[in-house]
Amino acid sequence: MVWGALEVFISDIVRSMLNTNPSLAVLLMTSDSSKRYFRREVAIEDLMTRGFDLNRSMGDVLFSDKWLDNLPRIKEVISTLLPRADDLHRALAAKELWLLWQRRHLIVHRRGVIDAQFVANTEASDAVGSRLIVSSKDVDEALNEGGRGSRRVIGRTLTRLYPSG
């Protein structure tokens, strides 16, 4: 649940950034690291629904069928939109956040059964085929990392949107 809350939160923040400043879409659509995630065309129905004005809904259009639902994608989009946010980049590169995402992936897609990819990605010492065990300490670390990442996203987004405030 922590990972899900973090990905929805970051997706909503990025969507809001693009709605507030639609020219940021150019960065996403031209950056080598992020352009592959977004479609380059806008359906005429989307334009009609918005009165042919994307000035305050560019994020809604770009994210109508996309989510920032994995850590590499989140890092690439954030790096594109906030390239000088070193503290945020460090937070997104934290080992604990990577482990949180890997555990979530394992639980959702493998029913918590450890596979070779999980062991390789996390350097876990658990046996392939065994069940993932998540301790209360793991949950605390996940909550702390999610909170840290969220606070940094908020701070950097506000700085980007309101540089003089």
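With (1) part of a loop (DSSP other than H, G, I, E, B); (2) touching a helix residue (DSSP H, G or I) at 6+ places or on another chain (Cβ under 6 Å) as the list, and Ala124 as the residue in question, which single condition is left unmet?
With (1) part of a loop (DSSP other than H, G, I, E, B); (2) touching a helix residue (DSSP H, G or I) at 6+ places or on another chain (Cβ under 6 Å) applied to Ala124, the lone miss is (2).
List the number of the failed condition for Asn19; all other conditions in (1) over 30 Å from Val134 (Cα atoms); (2) touching a helix residue (DSSP H, G or I) at 6+ places or on another chain (Cβ under 8 Å); (3) not in a helix (DSSP H, G or I) hold.
Only one criterion is unmet by Asn19, namely (3).
Checking Ala93 against (1) closer than 18 Å to Ser33 by Cβ; (2) surrounded by 13 or more Cβ atoms within 10 Å (Cβ to Cβ); (3) modelled with pLDDT of 85 or more, which single condition isn't satisfied?
That leaves (2) as the condition not met.
In region 38-92, how many are within 18 Å of Thr20 (Cα to Cα), outside any loop (DSSP other than H, G, I, E, B) and polar (S, T, N, Q)?
Residues in region 38-92 being within 18 Å of Thr20 (Cα to Cα), outside any loop (DSSP other than H, G, I, E, B) and polar (S, T, N, Q): 1 in total.
What pairs come up if the first residue lies in region 127-138 and is among the aliphatic types (A, V, I, L, M), the second is part of a helix (DSSP H, G or I), and their beta carbons are under 6 Å apart, counting only those six or more places apart or on different chains?
Close Cβ pairs satisfying both conditions: Val128/Ala116; Leu132/Leu106.
Take region 4-47 and flag every residue that is surrounded by 15 or more Cβ atoms within 10 Å (Cβ to Cβ), among the hydrophobic types (A, V, I, L, M, F, W, C) and in contact with an Asp or Glu (Cβ under 9 Å, 6 or more places away or on another chain).
Leu6, Leu18
Would you call Ile107 in contact (Cβ under 8 Å) with a residue 24 or more places away in the chain and more than 18 Å from the chain's Cα centre (by Cα)?
Yes.
Taking only pairs six or more apart or across chains, which ones have beta-carbon atoms under 7 Å, a first residue in region 42-63 that is at negative phi, and a second residue that is of a type in the set (S, T, N, Q) and in a helix (DSSP H, G or I)?
From region 42-63, the pairs are Arg56/Asn19; Ser57/Asn19; Met58/Asn19; Gly59/Ser16; Gly59/Asn19; Asp60/Asn19; Phe63/Ser11.
Which numbered condition trips up Glu123, out of (1) over 22 Å from Phe9 (Cβ atoms); (2) modelled with pLDDT of 85 or more?
Glu123 satisfies all of (1) over 22 Å from Phe9 (Cβ atoms); (2) modelled with pLDDT of 85 or more except (2).
Condition first: more than 25 Å from Glu76 (Cβ to Cβ) and out of contact with any Gly (no Cβ under 7 Å at 6 or more places or on another chain). Now tell me which residues in region 90-113 satisfy that.
Of everything in region 90-113, those that are more than 25 Å from Glu76 (Cβ to Cβ) and out of contact with any Gly (no Cβ under 7 Å at 6 or more places or on another chain) turn out to be Arg111, Gly112.
Tell me whether region 60-77 contains one or more residues that are surrounded by 19 or more Cβ atoms within 10 Å (Cβ to Cβ), of a type in the set (Ser, Thr, Tyr) and within 22 Å of Val14 (Cα to Cα).
No.
Let me spell it out: the conditions are (1) closer than 15 Å to Thr80 by Cβ; (2) surrounded by 12 or more Cβ atoms within 10 Å (Cβ to Cβ), and Ser57 meets all of them except one. Which number is the exception?
Exception for Ser57: condition (1).
Could you count how many residues in region 112-130 are touching a strand residue (DSSP E or B) at 6+ places or on another chain (Cβ under 9 Å) and hydroxyl-bearing (Ser, Thr, Tyr)?
Number of matching residues: 1.
Working carefully through the options Arg50, Arg84, Arg104, find the one that is surrounded by fewer than 13 Cβ atoms within 10 Å (Cβ to Cβ), out of contact with any Pro (no Cβ under 6 Å at 6 or more places or on another chain) and modelled with pLDDT under 90.
From the options Arg50, Arg84, Arg104, the qualifying one is Arg84.
The values are calculated or read from the model by the stated rules, or taken from the named source; none is laboratory data. Every value quoted in this text rests on a predicted model; they were computed, and no experiment measured them. Positions of Cβ are generated from backbone atoms using ideal geometry, with glycine treated the same way; all protein chains shown enter the neighbour counts.
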